[in-house]
Amino acid sequence: MLHLIYTFRPTAAARADLPAFWRWVGERERWFYDGLDMAHAPRWYVCTVGPGVHTLEHWISFADEAGWGDYRSEVSRRSANPAWEQRRVEQDRWWDLLDARLLNDAPLPTVRGDAKR
């Protein structure tokens, strides 16, 4: 699996109205990932301790590099539509992008349940 991870810092507007911010995040996720079947298991995490306190991490997974490539191609294609792109960039009102990275699963067996050692 390949995991695309974004780190965001909510803007002052988002911090001023967290319920509206989280509603927007949910609506955006449904809209943005609609039809992007190569993107799996979107997850959100809030950093509660450490230097990035109150930042968000958004993880989206792909079966392999080809799936990630298909995702990038489709997002690029959609961004050529002015209405779609305008809606996508409304994110600037809600967060600042701090980092983006890709992780691959390590080639180790997955431990399930209470494995005895």
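The values are calculated or read from the model by the stated rules, or taken from the named source; none is laboratory data. Since this is a predicted model, take the numbers as computed values, not measurements. Quick reminder, even Gly has a Cβ in these numbers, built from the backbone with ideal geometry, and neighbours come from all protein chains shown. Accessible surface areas use protein heavy atoms only, side chains included; no ligands, DNA or RNA. Shrake-Rupley method; radii C 1.70, N 1.55, O 1.52, S 1.80 Å.
At-a-glance table
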item	result
Residue tally, condition over 17 Å from Glu27 (Cα atoms) and surrounded by 15 or more Cβ atoms within 10 Å (Cβ to Cβ), over segment 79-93	0
Arg43 open to solvent by less than 80 Å² (accessible area, probe 1.4 Å), touching a Ser or Thr at 6+ places or on another chain (Cβ under 9 Å) and basic (Lys, Arg)	yes
Which listed residue, of Ser73, Ser61, is open to solvent by less than 20 Å² (accessible area, probe 1.4 Å) and closer than 21 Å to Asp99 by Cα	Ser61
Residue within segment 45-57 that is in contact with a helix residue (DSSP H, G or I) (Cβ under 9 Å, 6 or more places away or on another chain) and more than 20 Å from Arg87 (Cα to Cα) present	yes
Any chance Leu18 is out of contact with any His (no Cβ under 9 Å at 6 or more places or on another chain) and either buried (at least 17 other Cβ atoms within 10 Å of the Cβ) or acidic (Asp, Glu) (or both)	no
Failed condition for Leu108, given (1) at positive phi; (2) open to solvent by 80 Å² or more (accessible area, probe 1.4 Å); (3) of a type in the set (A, V, I, L, M)	(1)
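Each row is one residue, and each column tells you yes or no for (1) assigned to a helix (DSSP H, G or I); (2) under 11 Å from the mean Cα position of the chain (by Cα).
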residue	(1), (2)
Ile5	no, yes
Phe8	no, yes
Ala20	yes, no
Glu27	yes, no
Ala41	no, yes
Thr48	no, no
His54	no, no
His58	no, yes
Gly69	yes, no
